[in-house]
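Step one of this worksheet: look at the structure below.
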Amino acid sequence: MSRIAKNSIKIPTETTCKFENSVFFAKGKLGEISLIVNSLFDVEVKEGEIYVLPKNEKDKSSPIWGTTRAHVSNIVKGVSEGFSKTLELNGTGYRASISGSKLKLQLGYSHDVDYDVPKEIKVECPKQNIIKLSGSNKEILGAVAANIRSFRKP
């Protein structure tokens with residue numbers, strides 16, 4: 001049995017959550033996110049807490065139970081607090097700048113690398129060699145950070 005999945009998820013005060021037709025919805029101050037939940041599980045929202053429960057007793061040993069609970073928890077945290085990642089460019093002449101919705105990277109190539117940032121992600125460059133990414137969806141944030149990093153692997 002999953003120890004993580006047994007734990008409840010506390011709902012922050014400014015966040016509303018609901019579960020209908022195998023889809024979990026969370027709405028908070030940073031936006032709204034939905035998640036299609038595996039058909040083996042139900043999500044119960046009651047008294048300021050969320051419980052992810054298996055529909056059948058035999059599914060309690062399923063590793064998907066803990067994963068589903070973690071996804072629901074990340075969505076609730078994302079719409080209330082958000083997530084952020086910081087990337088640092090190490091190298092002579094490596095620079096980053098923002099122009100509109102594009103991130104312009106100078107990574108030692110003969111040309112600049114332009115990256116279109118998704119609208120869900122906010123980008124800041126406090127210094128020329130530091131990129132700060134923030135957003136409410138942890139999955140998209142991680143994918144964007146991985147894409148930026150793939151242009152010049154460390």
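Every number in this text was worked out from the coordinates using simple rules, so none of it is lab data. Bear in mind the structure is a predicted one, so any value in this text is a computation, not a measurement. Quick reminder, even Gly has a Cβ in these numbers, built from the backbone with ideal geometry, and neighbours come from all protein chains shown.
Per-residue 3J(HN,Hα) values for segment 15-20, derived from phi via the Karplus relation 6.51 cos²θ - 1.76 cosθ + 1.60 with θ = phi - 60°, read 10, 10, 10, 8, 10, 9 Hz in sequence order (x marks Gly and Pro).
Against the chain, whose longest principal axis comes from its Cα atoms, helix 64-80 is set at around 60 degrees.
Legend: translational diffusion of segment 106-154 by Stokes-Einstein, Rh = Kirkwood radius over C-alpha pairs, 20 °C, 1.002 mPa s; D = 181 µm²/s. Counting only aspartates and glutamates at least 8 places from LYS104 when in the same chain, those with an alpha carbon closer than 16 Å to its own are GLU88, ASP112, ASP114, ASP116, GLU124. With respect to the chain, whose longest principal axis is taken over its alpha-carbon atoms, helix 138-150 is tilted by about 30°. For PHE41, the residues whose amide H sits under 5 Å from its own are LYS55, ignoring neighbours fewer than 5 places away on the same chain, with H placed 1.01 Å from N. Estimated at 0.36 nm per residue, the fully extended path between ARG3 and THR16 surpasses their Cα-Cα distance by 2.1 nm.
Every Cα-Cα pair in the chain was counted, and those over 18 Å apart are 63% of them.
Largest first, the extents of the alpha carbon coordinates of segment 3-81 on the three principal axes equal 38, 24, 20 Å.
Of the trypsin sites (Lys or Arg not before Pro) found in segment 21-83, the ones in coil according to DSSP and having at most 12 other Cβ atoms within 10 Å of their Cβ are LYS29, LYS55. Taking θ as phi - 60° and the Karplus parameters 6.51, -1.76 and 1.60, the scalar couplings of segment 40-56 work out to 7, 10, 10, 10, 10, 10, 8, 6, x, 9, 10, 10, 9, 10, x, 6, 10 Hz in sequence order, x denoting glycine and proline.
Among the listed pairs LYS18/LYS122; LYS29/LYS132; LYS27/LYS85; LYS55/LYS85; LYS27/LYS132, those whose Cα-Cα separation exceeds 29 Å are LYS55/LYS85.
Only helices enter this figure: runs of n ≥ 4 DSSP H residues, each worth -39500 (n - 2.57), summed and divided by the residues of the chain, yield -6500 deg cm²/dmol at 222 nm to the nearest 500.
With Cα atoms defining each centre, segment 92-154 and segment 1-52 are spaced 31 Å apart in the structure.
In summary, the lysines within cross-link reach of LYS58, defined as a Cα separation below 25 angstrom excluding same-chain residues under 8 places away, comprise LYS6, LYS46.
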